[in-house]
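The values are calculated or read from the model by the stated rules, or taken from the named source; none is laboratory data. Note that this is a predicted model, so its numbers are computed, not measured. Reconstructed Cβ throughout: ideal geometry from the backbone, glycine too, with neighbour counts over all protein chains shown.
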């Protein structure tokens, strides 16, 4: 009894210590709750459909917290996701959780036997165009007096440490028999196209 | 009460520089930190920020102007609420909360009182002895007398490893650690050294490797006596000053800042029986007229405003983002970082603000010392001729102004310039 009273006095004589102690307890409980594997809202999901070979950029992911996501929060991919490539064979649909198994460090550069993968350098100030391009998207390469060359965006790759703008460029896959024409013509421009 | 007085000061000496440093800079930093959090977590905000940076000069100037107006507006609102914020930091809380938290300050006050008591005991030991001489002189004399008596001895066999040498070295270690040396301990050391000085001729060389040991021990002990005496006197002065700078009159406020705030009124009443809280607004005018003193006072108040703003806004930022990150299951590392570093940073700002408050209060004490006669002249009261007369005068003026009692005081005509 005496010891309990002494203990009570000791604690009450240190009110700010008591507040700090309570704060630390809340902090530990809060952090523990956030780390809890059942705390699904702490995980990231696809904010839109992510195709095979897609490079994850800002706006592609969101946290599984409906309220925060509705206010535009946690839509910037964390370092563990930013710049990774979707390696799942089928597209990741919007709202599906992003699993480590579905992501890879590098884009898959394998192309069909009758195709060739070619990097295509975009002119300067093409950040907006680059932001529109996505893996699997059909495009055409055009030049004055030449037949348009249909192509498909295979992946967007970036130089190490760069995440957009000048440091990134599309890899296109083109029919094998047209690849020589493309390599020889330096005046080709890239245009978006819905044509195959 | 004191905060509202400082508000008066604020109103009187408001300047663009003070608003810029005291409110605009901290509020700008606050919005910048919020923008950083938005930028880190919101893709749409990131996109918006990129869009602004890519816009032409005219449009981005409009956006920047809008941001500037928003910041200025919020800074002005913050500036207006600064006295309320400061009042909260001073512990103007509901009494049940204040009485719960005041224990911490009371413990600090009791610790200071205990130290003063211990130091007082130390000083008493160095006081005047029954023989009418200071204790330190008695010790030094007894060492000198013993040394003279030792000259009768034919040789010196003293070694530093003897009990007196060991004891003096122990005391020297206390000095090295800036610790006090109690009178009783010095008494014992003096007794031991006196015995050895009598048994050995300190003028003769000692054994090999101990040639000057006895002389060294005696010299060191004399220095230690002087150190102990100075330590006790200086430490007492230091503790009394600390008490005057840290605590006002009882009962205490529940926070450090609150107690520091009360020290000026306490000083004014104790020293002059001058009601500082009542007369500060009147005292400001002569203080403001002094071209050298006024900028120093304004500078100190500006710095205090800056620190109070920084502390409050850091706390507010933590209060916004900590719970938000937790409730929306944000990144745990960010939550821990914000929840730990935020309060620590706010507390560090607060402690620096308390230190700055001491400086400001010292200036306010100086303003009382320097300008109180100017205030008397402005009020048309006579200048007192002695300390007690002055106390009585201020007491009478206080009764007239604060208690609305009718007292008689003779006016003096203003000096013609």
Self-check item: Test: residue in segment B:42-54 that is surrounded by fewer than 16 Cβ atoms within 10 Å (Cβ to Cβ), over 32 Å from the mean Cα position of the chain (by Cα) and away from chain A (no Cβ under 14 Å)
Solution: yes
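For every residue, the table says whether it meets (1) away from every other protein chain (no Cβ under 14 Å); (2) within 25 Å of residue A:186 (Cα to Cα); (3) exposed (fewer than 14 other Cβ atoms within 10 Å of the Cβ).
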site: A:70; (1), (2), (3): no, no, yes
site: A:82; (1), (2), (3): no, no, no
site: A:88; (1), (2), (3): yes, no, no
site: A:92; (1), (2), (3): yes, no, no
site: A:97; (1), (2), (3): no, no, yes
site: A:108; (1), (2), (3): yes, no, no
site: A:120; (1), (2), (3): yes, yes, no
site: A:128; (1), (2), (3): no, yes, yes
site: A:151; (1), (2), (3): yes, yes, no
Exercise. Could you tell me which of the residues B:280, B:317, B:324 is away from chain A (no Cβ under 14 Å) and closer than 27 Å to residue A:39 by Cα?
Key: B:317
Quiz item: So which helices (runs of 4 or more DSSP H) stay within segment B:244-338 end to end and still have 3 or more residues that are over 25 Å from residue B:351 (Cβ atoms)?
Solution: B:263-272, B:276-289, B:293-327
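Residues checked against (1) on the phi < 0 side of the Ramachandran plot; (2) touching a residue at least 40 places away in the same chain (Cβ under 8 Å); (3) surrounded by 20 or more Cβ atoms within 10 Å (Cβ to Cβ):
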site	(1), (2), (3)
B:253	yes, yes, yes
B:259	yes, yes, yes
B:262	yes, yes, yes
B:269	yes, no, no
B:276	yes, yes, yes
B:281	yes, yes, no
B:284	yes, yes, yes
B:287	yes, yes, yes
Exercise. Might you let me know whether segment A:38-45 holds any residue that is more than 14 Å from every other protein chain (Cβ to nearest Cβ), in contact with a strand residue (DSSP E or B) (Cβ under 8 Å, 6 or more places away or on another chain), surrounded by fewer than 19 Cβ atoms within 10 Å (Cβ to Cβ) and at negative phi?
Key: no
Self-check item: Matching residues in segment A:1-27 - criterion: being surrounded by 11 or more Cβ atoms within 10 Å (Cβ to Cβ), farther than 19 Å from residue B:102 by Cα and either at pLDDT below 95 or at the interface with another protein chain (Cβ under 7 Å from one of its Cβ atoms) (or both)
Solution: A:26, A:27
Quiz item: Looking at B:122, B:115, which is the one that is buried (at least 16 other Cβ atoms within 10 Å of the Cβ), within 20 Å of residue B:354 (Cβ to Cβ) and in contact with a helix residue (DSSP H, G or I) (Cβ under 9 Å, 6 or more places away or on another chain)?
Solution: B:115
Practice problem: Of all residues in segment B:356-384, count the ones that are closer than 30 Å to residue A:22 by Cα and surrounded by fewer than 16 Cβ atoms within 10 Å (Cβ to Cβ). | Solution: 0
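One line per residue, one yes/no per condition, for (1) out of contact with any strand residue (DSSP E or B) (no Cβ under 9 Å at 6 or more places or on another chain); (2) modelled with pLDDT under 90; (3) more than 29 Å from residue B:148 (Cβ to Cβ):
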{"site": "B:207", "(1), (2), (3)": "yes, yes, no"}
{"site": "B:228", "(1), (2), (3)": "yes, no, no"}
{"site": "B:237", "(1), (2), (3)": "yes, no, yes"}
{"site": "B:241", "(1), (2), (3)": "yes, no, yes"}
{"site": "B:245", "(1), (2), (3)": "yes, no, yes"}
Quiz item: In segment A:48-63, how many are within 8 Å of another protein chain (Cβ to nearest Cβ) and part of a loop (DSSP other than H, G, I, E, B)?
Solution: 2
Quiz item: Can you name every residue in segment B:88-116 that is under 20 Å from the mean Cα position of the chain (by Cα), farther than 22 Å from residue B:238 by Cα, in contact (Cβ under 8 Å) with a residue 60 or more places away in the chain and away from chain A (no Cβ under 12 Å)?
Solution: B:89, B:90
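Restricting to segment B:385-402, give me the number of residues that are part of a helix (DSSP H, G or I) and either surrounded by 14 or more Cβ atoms within 10 Å (Cβ to Cβ) or over 31 Å from the mean Cα position of the chain (by Cα) (or both).
Residues that pass the stated criteria total 12.
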Quiz prompt | Meets criteria (at pLDDT 95 or above, within 24 Å of the chain's Cα centre (by Cα), more than 14 Å from chain A (Cβ to nearest Cβ) and in a helix (DSSP H, G or I)) for residue B:349 | solution = yes
